[in-house]
1. Under a point spin-label approximation (7 Å from Cα along Cα-to-Cβ), what is the Gln45-Arg133 distance to one decimal in nm?
2. Give me the extension gain from Thr2 to Glu395: residue separation times 0.36 nm, minus the current Cα-Cα distance, reported in nm with one decimal.
3. Pairs of Cα atoms under 8 Å, at least six residues apart: use those to get the relative contact order of segment 236-322, whole percent.
4. Given points 7 Å out from each Cα along the Cα-Cβ axis, report the Glu119 to Arg184 separation in nanometres with one decimal.
5. Extension gain Thr154-Ser221, at 0.36 nm per residue separation less the Cα-Cα distance, in nm?
6. Mind ranking 155-162, 263-270, 13-20, 306-313 by how tightly packed they are, going by the mean number of other C-beta atoms within 10 angstrom, highest first?
7. If Lys and Arg each add +1 and Asp and Glu each add -1, what is the summed charge of the other residues whose beta carbon sits under 14 Å from the beta carbon of Val98?
8. Give me the distance between the Cα centres of segment 210-248 and segment 124-202, rounded to whole Å.
Amino acid sequence: MTAERRRTQVAIIGGGPAGMLLSHVLSLNGIDSIVLERRSREHVQGRIRAGVLETGSARFLRDVGLGANMDHHGHRHDGVSIAWQDKPEFLIDTKRHVGLSMIAYGQTALTADLYAVREAAGAEIRDHVADVRLHDLTTHRPGVDCVHRGRPLTIDCDFIAGCDGFHGVSRRSIPDRVRQDYERVYPFGWLGVLAEVPPLDRFIYARHERGFALAAQRGPSLSRYYIQVPSGTTTGEWPDDRFWRELVRRFPDPMSTAIEAGPTIEKSIAPLRSFVSEPMRYGRLFLCGDSAHIVPPTGAKGLNLAISDVFYLARALDWHYRKQDDGYLDCYSETALRRVWGATRISWWLTWLLHRFPDRSAFDDRLSENEYDHLLASEHAQRWLCEQYAGLPYEA
Ligand code: RFL
Ligand code: PHB
(Lines give C-alpha, C1' and ligand atoms only; values in the text may rest on other atoms or scores of the structure.)
(Ligands and ions follow the chains in the order given, each with its own letter.)
Protein backbone atom coordinates (compact mmCIF):
# COMPACT_ATOMS: atom_id res chain seq x y z
CA MET A 1 0.00 0.00 0.00
CA THR A 2 1.40 3.45 -0.91
CA ALA A 3 2.23 5.79 1.91
CA GLU A 4 0.31 9.01 2.35
CA ARG A 5 1.94 12.35 3.17
CA ARG A 6 0.07 15.37 4.55
CA ARG A 7 1.02 18.81 5.76
CA THR A 8 -0.69 20.88 8.46
CA GLN A 9 0.21 23.65 10.89
CA VAL A 10 -0.51 21.70 14.09
CA ALA A 11 -0.60 17.91 14.36
CA ILE A 12 -2.76 16.96 17.35
CA ILE A 13 -2.19 13.55 18.91
CA GLY A 14 -5.35 12.36 20.68
CA GLY A 15 -9.03 13.08 20.01
CA GLY A 16 -10.23 13.38 23.64
CA PRO A 17 -11.55 16.67 25.01
CA ALA A 18 -8.13 18.37 25.02
CA GLY A 19 -7.30 17.48 21.41
CA MET A 20 -10.74 18.23 20.01
CA LEU A 21 -11.12 21.52 21.88
CA LEU A 22 -7.66 22.63 20.75
CA SER A 23 -8.44 21.80 17.13
CA HIS A 24 -11.70 23.77 17.39
CA VAL A 25 -10.12 26.88 18.93
CA LEU A 26 -7.22 26.81 16.45
CA SER A 27 -9.66 26.68 13.55
CA LEU A 28 -11.52 29.74 14.92
CA ASN A 29 -8.15 31.50 14.73
CA GLY A 30 -7.54 30.34 11.17
CA ILE A 31 -4.93 27.72 12.12
CA ASP A 32 -5.31 24.29 10.56
CA SER A 33 -4.71 20.99 12.31
CA ILE A 34 -5.08 17.24 11.86
CA VAL A 35 -6.23 15.11 14.81
CA LEU A 36 -4.84 11.58 15.15
CA GLU A 37 -6.87 9.31 17.47
CA ARG A 38 -5.97 5.75 18.35
CA ARG A 39 -9.46 4.50 19.14
CA SER A 40 -12.78 4.45 17.25
CA ARG A 41 -15.14 7.42 17.34
CA GLU A 42 -17.74 5.31 19.19
CA HIS A 43 -15.23 4.38 21.88
CA VAL A 44 -14.11 7.98 22.46
CA GLN A 45 -17.67 9.28 22.60
CA GLY A 46 -18.92 6.46 24.80
CA ARG A 47 -16.47 6.95 27.69
CA ILE A 48 -18.17 8.09 30.88
CA ARG A 49 -15.93 10.37 32.90
CA ALA A 50 -16.03 13.84 34.33
CA GLY A 51 -19.12 15.77 35.28
CA VAL A 52 -18.25 19.14 36.77
CA LEU A 53 -17.05 22.26 34.94
CA GLU A 54 -15.56 25.26 36.70
CA THR A 55 -16.91 28.76 35.93
CA GLY A 56 -13.70 29.53 34.04
CA SER A 57 -14.04 26.41 31.86
CA ALA A 58 -17.69 27.22 31.13
CA ARG A 59 -16.80 30.82 30.25
CA PHE A 60 -14.07 29.71 27.85
CA LEU A 61 -16.40 27.17 26.22
CA ARG A 62 -19.03 29.90 25.73
CA ASP A 63 -16.39 32.26 24.29
CA VAL A 64 -15.53 29.69 21.62
CA GLY A 65 -19.16 29.04 20.68
CA LEU A 66 -19.67 25.84 22.69
CA GLY A 67 -22.08 27.17 25.32
CA ALA A 68 -25.48 26.35 23.81
CA ASN A 69 -25.87 22.68 24.76
CA MET A 70 -23.96 23.14 28.01
CA ASP A 71 -26.26 25.97 29.14
CA HIS A 72 -29.37 24.16 27.97
CA HIS A 73 -28.72 20.63 29.25
CA GLY A 74 -26.21 21.24 32.04
CA HIS A 75 -27.24 22.68 35.34
CA ARG A 76 -25.64 25.21 37.62
CA HIS A 77 -24.69 24.25 41.15
CA ASP A 78 -23.13 26.38 43.81
CA GLY A 79 -20.96 23.82 45.56
CA VAL A 80 -20.49 20.21 46.63
CA SER A 81 -21.43 18.91 50.09
CA ILE A 82 -19.33 16.79 52.41
CA ALA A 83 -21.24 14.24 54.52
CA TRP A 84 -18.88 13.13 57.27
CA GLN A 85 -19.99 10.19 59.35
CA ASP A 86 -21.42 11.41 62.68
CA LYS A 87 -20.65 15.07 62.03
CA PRO A 88 -22.62 17.97 60.51
CA GLU A 89 -22.82 18.20 56.73
CA PHE A 90 -20.63 20.87 55.15
CA LEU A 91 -21.23 22.63 51.84
CA ILE A 92 -18.18 23.71 49.84
CA ASP A 93 -20.16 26.87 49.10
CA THR A 94 -18.22 28.40 46.23
CA LYS A 95 -21.05 30.79 45.41
CA ARG A 96 -21.04 32.29 48.89
CA HIS A 97 -17.28 32.47 49.44
CA VAL A 98 -15.93 33.37 46.01
CA GLY A 99 -19.05 34.19 44.00
CA LEU A 100 -18.52 31.35 41.51
CA SER A 101 -20.78 28.45 40.51
CA MET A 102 -20.02 25.18 38.75
CA ILE A 103 -21.89 23.57 35.89
CA ALA A 104 -22.79 19.89 35.94
CA TYR A 105 -22.27 18.82 32.33
CA GLY A 106 -20.88 15.42 31.48
CA GLN A 107 -17.61 14.99 29.60
CA THR A 108 -19.48 12.61 27.29
CA ALA A 109 -21.84 15.42 26.27
CA LEU A 110 -18.97 17.89 25.82
CA THR A 111 -17.06 15.39 23.68
CA ALA A 112 -20.17 14.88 21.51
CA ASP A 113 -20.46 18.69 21.09
CA LEU A 114 -16.80 18.90 20.09
CA TYR A 115 -17.04 16.13 17.49
CA ALA A 116 -20.24 17.66 16.09
CA VAL A 117 -18.73 21.13 15.68
CA ARG A 118 -15.49 19.83 14.18
CA GLU A 119 -17.25 17.50 11.78
CA ALA A 120 -19.57 20.30 10.64
CA ALA A 121 -16.45 22.38 9.92
CA GLY A 122 -14.98 19.57 7.80
CA ALA A 123 -12.07 18.93 10.18
CA GLU A 124 -9.57 16.19 9.45
CA ILE A 125 -9.93 13.70 12.29
CA ARG A 126 -8.22 10.36 11.71
CA ASP A 127 -9.32 7.60 14.03
CA HIS A 128 -7.95 4.04 14.29
CA VAL A 129 -4.41 5.42 14.07
CA ALA A 130 -1.58 3.10 15.21
CA ASP A 131 2.21 3.19 15.72
CA VAL A 132 2.37 6.94 16.27
CA ARG A 133 5.96 8.22 16.33
CA LEU A 134 7.02 11.85 16.74
CA HIS A 135 10.26 13.10 15.19
CA ASP A 136 12.47 16.18 14.69
CA LEU A 137 10.88 17.82 17.72
CA THR A 138 13.71 20.28 18.27
CA THR A 139 13.73 21.49 14.64
CA HIS A 140 11.35 23.91 12.89
CA ARG A 141 9.94 21.04 10.84
CA PRO A 142 8.75 18.36 13.24
CA GLY A 143 6.63 15.48 12.01
CA VAL A 144 4.54 12.49 12.91
CA ASP A 145 4.67 9.01 11.38
CA CYS A 146 1.82 6.59 11.96
CA VAL A 147 -0.34 3.96 10.36
CA HIS A 148 -3.89 5.03 9.56
CA ARG A 149 -6.31 2.13 8.97
CA GLY A 150 -3.42 0.00 7.78
CA ARG A 151 -1.81 2.64 5.52
CA PRO A 152 1.42 4.45 6.45
CA LEU A 153 0.86 8.18 6.99
CA THR A 154 3.40 10.96 7.52
CA ILE A 155 2.39 14.40 8.68
CA ASP A 156 4.73 17.38 8.28
CA CYS A 157 3.83 20.25 10.58
CA ASP A 158 5.00 23.35 12.45
CA PHE A 159 3.96 22.14 15.92
CA ILE A 160 2.76 18.98 17.63
CA ALA A 161 0.20 19.07 20.44
CA GLY A 162 0.43 15.97 22.65
CA CYS A 163 -3.20 15.52 23.82
CA ASP A 164 -3.04 11.73 24.04
CA GLY A 165 -3.79 11.18 27.71
CA PHE A 166 -1.77 9.48 30.40
CA HIS A 167 -0.96 6.34 28.34
CA GLY A 168 -0.09 8.21 25.14
CA VAL A 169 3.22 8.45 23.27
CA SER A 170 3.77 12.22 23.36
CA ARG A 171 5.12 12.56 26.89
CA ARG A 172 7.38 9.56 26.36
CA SER A 173 8.86 11.26 23.27
CA ILE A 174 10.54 13.79 25.58
CA PRO A 175 13.99 12.44 26.50
CA ASP A 176 14.40 11.19 30.07
CA ARG A 177 17.24 13.62 30.71
CA VAL A 178 14.84 16.54 30.08
CA ARG A 179 11.74 15.16 31.75
CA GLN A 180 10.99 15.04 35.45
CA ASP A 181 7.97 13.05 36.61
CA TYR A 182 6.34 13.51 40.03
CA GLU A 183 3.95 10.81 41.12
CA ARG A 184 1.83 9.47 43.96
CA VAL A 185 -0.22 6.32 43.47
CA TYR A 186 -3.05 5.77 45.96
CA PRO A 187 -3.83 2.28 47.28
CA PHE A 188 -7.44 2.45 46.04
CA GLY A 189 -9.63 3.33 43.06
CA TRP A 190 -13.15 4.55 42.38
CA LEU A 191 -15.81 2.16 41.23
CA GLY A 192 -18.28 4.29 39.25
CA VAL A 193 -21.75 3.36 38.05
CA LEU A 194 -24.31 5.07 35.87
CA ALA A 195 -27.96 4.21 36.52
CA GLU A 196 -31.25 5.42 35.10
CA VAL A 197 -32.70 6.47 38.43
CA PRO A 198 -33.34 9.99 39.79
CA PRO A 199 -30.19 11.32 41.51
CA LEU A 200 -29.96 12.99 44.91
CA ASP A 201 -30.67 16.71 44.74
CA ARG A 202 -26.98 17.69 45.13
CA PHE A 203 -23.39 16.46 44.69
CA ILE A 204 -22.19 14.85 47.93
CA TYR A 205 -18.78 13.53 48.97
CA ALA A 206 -19.30 11.00 51.78
CA ARG A 207 -16.52 10.25 54.26
CA HIS A 208 -17.10 6.99 56.10
CA GLU A 209 -15.00 4.42 57.96
CA ARG A 210 -15.90 1.90 55.22
CA GLY A 211 -14.46 4.29 52.61
CA PHE A 212 -15.32 7.27 50.47
CA ALA A 213 -18.44 7.57 48.29
CA LEU A 214 -19.75 10.22 45.89
CA ALA A 215 -23.28 11.02 44.73
CA ALA A 216 -23.29 12.82 41.37
CA GLN A 217 -25.76 13.43 38.58
CA ARG A 218 -25.99 13.40 34.82
CA GLY A 219 -29.61 14.49 34.39
CA PRO A 220 -33.02 14.48 36.11
CA SER A 221 -33.27 10.72 35.78
CA LEU A 222 -29.63 9.73 35.41
CA SER A 223 -27.46 9.13 38.49
CA ARG A 224 -23.71 8.75 38.74
CA TYR A 225 -22.33 7.19 41.93
CA TYR A 226 -18.84 6.20 43.02
CA ILE A 227 -17.39 4.21 45.91
CA GLN A 228 -13.79 3.80 47.00
CA VAL A 229 -12.54 0.24 46.39
CA PRO A 230 -9.12 -1.33 47.09
CA SER A 231 -6.59 -1.37 44.22
CA GLY A 232 -6.79 -4.54 42.18
CA THR A 233 -10.56 -4.94 42.64
CA THR A 234 -12.53 -5.84 39.49
CA THR A 235 -16.07 -4.86 38.47
CA GLY A 236 -16.93 -8.58 38.42
CA GLU A 237 -16.64 -8.52 42.21
CA TRP A 238 -19.31 -5.85 42.34
CA PRO A 239 -22.68 -7.05 41.05
CA ASP A 240 -25.35 -4.33 41.25
CA ASP A 241 -26.96 -5.46 44.51
CA ARG A 242 -23.62 -5.50 46.30
CA PHE A 243 -22.79 -2.04 44.95
CA TRP A 244 -26.06 -0.46 46.12
CA ARG A 245 -25.85 -2.13 49.54
CA GLU A 246 -22.35 -0.76 50.05
CA LEU A 247 -23.18 2.69 48.69
CA VAL A 248 -26.06 3.38 51.06
CA ARG A 249 -24.00 2.27 54.06
CA ARG A 250 -21.52 5.06 53.39
CA PHE A 251 -24.11 7.87 53.39
CA PRO A 252 -25.80 9.08 56.58
CA ASP A 253 -29.55 9.33 56.84
CA PRO A 254 -31.61 10.90 55.29
CA MET A 255 -29.37 10.70 52.19
CA SER A 256 -29.02 6.94 52.35
CA THR A 257 -32.78 6.42 52.35
CA ALA A 258 -33.19 8.89 49.49
CA ILE A 259 -30.82 6.94 47.21
CA GLU A 260 -32.80 5.08 44.56
CA ALA A 261 -31.20 1.86 43.38
CA GLY A 262 -31.74 0.43 39.90
CA PRO A 263 -29.99 -1.55 37.17
CA THR A 264 -26.64 0.02 36.25
CA ILE A 265 -25.96 0.85 32.61
CA GLU A 266 -22.21 1.36 33.04
CA LYS A 267 -19.73 0.23 35.63
CA SER A 268 -15.97 0.87 35.66
CA ILE A 269 -13.04 1.25 38.01
CA ALA A 270 -10.54 4.11 37.83
CA PRO A 271 -7.28 3.85 39.79
CA LEU A 272 -6.36 7.02 41.69
CA ARG A 273 -3.11 8.78 40.98
CA SER A 274 -1.46 12.18 41.25
CA PHE A 275 1.09 12.73 38.47
CA VAL A 276 2.83 15.74 36.98
CA SER A 277 5.42 15.67 34.23
CA GLU A 278 7.67 18.68 33.68
CA PRO A 279 8.26 20.51 31.41
CA MET A 280 5.10 20.55 29.30
CA ARG A 281 7.11 21.62 26.26
CA TYR A 282 9.99 20.08 24.39
CA GLY A 283 11.08 21.98 21.26
CA ARG A 284 8.00 22.07 19.06
CA LEU A 285 6.04 19.53 21.10
CA PHE A 286 3.52 20.89 23.64
CA LEU A 287 1.66 18.63 26.09
CA CYS A 288 -1.96 19.32 27.03
CA GLY A 289 -4.30 17.64 29.52
CA ASP A 290 -3.86 14.16 30.94
CA SER A 291 -0.75 13.52 28.81
CA ALA A 292 1.14 15.80 31.21
CA HIS A 293 -0.77 15.44 34.46
CA ILE A 294 -3.30 13.30 36.31
CA VAL A 295 -5.19 14.27 39.43
CA PRO A 296 -7.37 11.98 41.53
CA PRO A 297 -11.00 12.83 40.68
CA THR A 298 -11.78 14.11 44.21
CA GLY A 299 -11.99 17.80 43.33
CA ALA A 300 -13.19 17.34 39.74
CA LYS A 301 -10.16 19.03 38.27
CA GLY A 302 -8.85 16.80 35.42
CA LEU A 303 -11.06 17.97 32.58
CA ASN A 304 -10.87 21.54 33.82
CA LEU A 305 -7.07 21.43 33.64
CA ALA A 306 -7.24 20.02 30.10
CA ILE A 307 -9.43 23.01 29.19
CA SER A 308 -7.11 25.59 30.77
CA ASP A 309 -4.07 24.02 29.07
CA VAL A 310 -5.90 24.36 25.75
CA PHE A 311 -6.71 28.00 26.56
CA TYR A 312 -3.00 28.76 27.14
CA LEU A 313 -1.71 26.79 24.16
CA ALA A 314 -4.30 28.10 21.68
CA ARG A 315 -3.49 31.67 22.72
CA ALA A 316 0.23 31.02 22.37
CA LEU A 317 -0.17 29.58 18.86
CA ASP A 318 -2.46 32.45 17.88
CA TRP A 319 0.20 34.95 18.91
CA HIS A 320 2.86 32.98 17.04
CA TYR A 321 0.97 33.00 13.73
CA ARG A 322 -0.87 36.32 13.95
CA LYS A 323 1.69 38.51 15.70
CA GLN A 324 4.93 36.59 15.13
CA ASP A 325 5.33 36.76 18.90
CA ASP A 326 6.54 33.62 20.73
CA GLY A 327 6.29 35.07 24.24
CA TYR A 328 3.32 32.91 25.19
CA LEU A 329 4.81 29.79 23.59
CA ASP A 330 7.96 30.31 25.62
CA CYS A 331 6.11 30.61 28.93
CA TYR A 332 3.42 27.99 28.14
CA SER A 333 4.90 25.24 30.30
CA GLU A 334 5.58 27.48 33.28
CA THR A 335 2.14 29.13 33.16
CA ALA A 336 0.18 25.92 32.68
CA LEU A 337 2.15 24.16 35.43
CA ARG A 338 1.29 26.81 38.03
CA ARG A 339 -2.40 25.97 37.60
CA VAL A 340 -1.65 22.25 37.38
CA TRP A 341 0.21 22.24 40.71
CA GLY A 342 -2.60 24.21 42.36
CA ALA A 343 -5.15 21.62 41.24
CA THR A 344 -2.76 18.79 42.14
CA ARG A 345 -2.46 20.11 45.66
CA ILE A 346 -6.21 20.57 46.28
CA SER A 347 -7.07 17.20 44.68
CA TRP A 348 -4.47 15.49 46.85
CA TRP A 349 -5.74 17.32 49.96
CA LEU A 350 -9.38 16.36 49.39
CA THR A 351 -8.36 12.78 48.65
CA TRP A 352 -6.34 12.65 51.86
CA LEU A 353 -9.19 14.18 53.86
CA LEU A 354 -12.05 12.06 52.54
CA HIS A 355 -10.68 8.56 51.86
CA ARG A 356 -9.86 5.65 54.05
CA PHE A 357 -6.17 4.84 53.74
CA PRO A 358 -5.42 1.22 54.64
CA ASP A 359 -1.99 2.12 56.06
CA ARG A 360 -3.12 5.19 57.99
CA SER A 361 -2.48 5.36 61.68
CA ALA A 362 -4.97 6.42 64.36
CA PHE A 363 -2.89 9.59 64.66
CA ASP A 364 -3.50 10.47 60.99
CA ASP A 365 -7.22 9.77 61.38
CA ARG A 366 -7.45 12.20 64.25
CA LEU A 367 -5.59 14.81 62.23
CA SER A 368 -8.02 14.54 59.33
CA GLU A 369 -10.96 14.74 61.72
CA ASN A 370 -9.50 17.86 63.23
CA GLU A 371 -9.01 19.31 59.78
CA TYR A 372 -12.72 18.77 59.08
CA ASP A 373 -13.72 20.34 62.42
CA HIS A 374 -11.57 23.34 61.57
CA LEU A 375 -13.30 23.61 58.18
CA LEU A 376 -16.70 23.58 59.89
CA ALA A 377 -15.64 26.30 62.32
CA SER A 378 -13.48 28.64 60.27
CA GLU A 379 -14.67 31.02 57.56
CA HIS A 380 -11.04 31.45 56.50
CA ALA A 381 -10.60 27.72 55.99
CA GLN A 382 -13.87 27.61 54.03
CA ARG A 383 -12.78 30.42 51.77
CA TRP A 384 -9.37 28.82 51.25
CA LEU A 385 -11.04 25.62 50.06
CA CYS A 386 -13.72 27.35 47.97
CA GLU A 387 -11.21 29.49 46.12
CA GLN A 388 -9.43 26.40 44.88
CA TYR A 389 -12.45 24.18 44.42
CA ALA A 390 -14.06 26.80 42.16
CA GLY A 391 -10.85 26.93 40.09
CA LEU A 392 -8.06 29.50 40.06
CA PRO A 393 -8.39 32.22 37.40
CA TYR A 394 -6.58 31.94 34.08
CA GLU A 395 -3.46 34.09 33.91
CA ALA A 396 -3.38 37.02 31.49
P1 RFL B 1 -8.21 11.73 27.43
O2 RFL B 1 -9.65 11.98 27.65
O3 RFL B 1 -7.58 10.56 28.05
O4 RFL B 1 -8.00 11.67 25.84
C5 RFL B 1 -6.77 11.25 25.25
C6 RFL B 1 -7.07 10.66 23.90
O7 RFL B 1 -5.84 10.26 23.29
C8 RFL B 1 -6.02 8.99 22.69
N9 RFL B 1 -4.70 8.35 22.57
C10 RFL B 1 -3.99 8.33 21.43
N11 RFL B 1 -4.25 8.81 20.21
C12 RFL B 1 -3.31 8.61 19.24
N13 RFL B 1 -2.14 7.94 19.46
C14 RFL B 1 -1.85 7.44 20.68
N15 RFL B 1 -0.69 6.80 20.88
C16 RFL B 1 -2.79 7.62 21.72
N17 RFL B 1 -2.81 7.26 23.02
C18 RFL B 1 -3.97 7.71 23.52
C19 RFL B 1 -6.97 8.26 23.61
O20 RFL B 1 -7.66 7.19 22.96
C21 RFL B 1 -7.92 9.40 24.01
O22 RFL B 1 -9.04 9.49 23.15
O23 RFL B 1 -7.33 13.01 27.84
P24 RFL B 1 -7.63 14.57 27.76
O25 RFL B 1 -8.19 14.92 26.41
O26 RFL B 1 -6.43 15.23 28.27
O27 RFL B 1 -8.86 14.80 28.78
C28 RFL B 1 -8.68 14.62 30.16
C29 RFL B 1 -9.97 14.18 30.84
O30 RFL B 1 -10.50 13.10 30.12
C31 RFL B 1 -9.75 13.78 32.32
O32 RFL B 1 -8.85 14.67 32.93
C33 RFL B 1 -11.07 13.80 33.14
O34 RFL B 1 -11.95 12.81 32.68
C35 RFL B 1 -10.78 13.59 34.62
N36 RFL B 1 -12.00 13.50 35.45
C37 RFL B 1 -12.69 14.63 35.84
N38 RFL B 1 -12.28 15.85 35.45
C39 RFL B 1 -13.01 16.97 35.79
O40 RFL B 1 -12.58 18.09 35.43
N41 RFL B 1 -14.19 16.90 36.50
C42 RFL B 1 -14.67 15.69 36.93
O43 RFL B 1 -15.76 15.68 37.50
C44 RFL B 1 -13.91 14.51 36.63
N45 RFL B 1 -14.34 13.30 37.04
C46 RFL B 1 -12.47 12.24 35.85
C47 RFL B 1 -13.65 12.18 36.67
C48 RFL B 1 -11.82 11.07 35.48
C49 RFL B 1 -12.30 9.86 35.92
N50 RFL B 1 -11.62 8.70 35.52
C51 RFL B 1 -12.22 7.71 34.72
C52 RFL B 1 -10.19 8.70 35.64
C53 RFL B 1 -14.14 10.97 37.11
C54 RFL B 1 -13.47 9.80 36.76
C55 RFL B 1 -13.99 8.52 37.30
C1 PHB C 1 -18.85 13.34 38.44
O2 PHB C 1 -19.89 14.00 38.26
O3 PHB C 1 -18.62 12.32 37.78
C4 PHB C 1 -17.87 13.83 39.43
C5 PHB C 1 -18.18 14.88 40.28
C6 PHB C 1 -17.26 15.33 41.22
C7 PHB C 1 -16.03 14.71 41.29
C8 PHB C 1 -15.70 13.67 40.43
C9 PHB C 1 -16.63 13.22 39.51
O10 PHB C 1 -15.11 15.14 42.20
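The values are calculated or read from the model by the stated rules, or taken from the named source; none is laboratory data. Quantities reported herein were computed from a predicted structural model and do not represent experimental measurements. No Cβ is skipped: glycine too gets one built from the backbone with ideal geometry, and neighbour counts run over all protein chains shown. Surface areas here come from the heavy atoms of the whole protein model, side chains and all, with no ligands, DNA or RNA. Shrake-Rupley method; radii C 1.70, N 1.55, O 1.52, S 1.80 Å.
1. In this crude label model, Gln45 to Arg133 measures out at 3.3 nm.
2. This chain segment gains 136.8 nm when fully extended.
3. Reported relative contact order: 18 percent.
4. Rounded to a tenth, the inter-label distance reads 4.1 nm.
5. 19.5 nm
6. Ranked by mean Cβ neighbours within 10 Å, highest first: 13-20, 306-313, 155-162, 263-270.
7. -2
8. 28 Å
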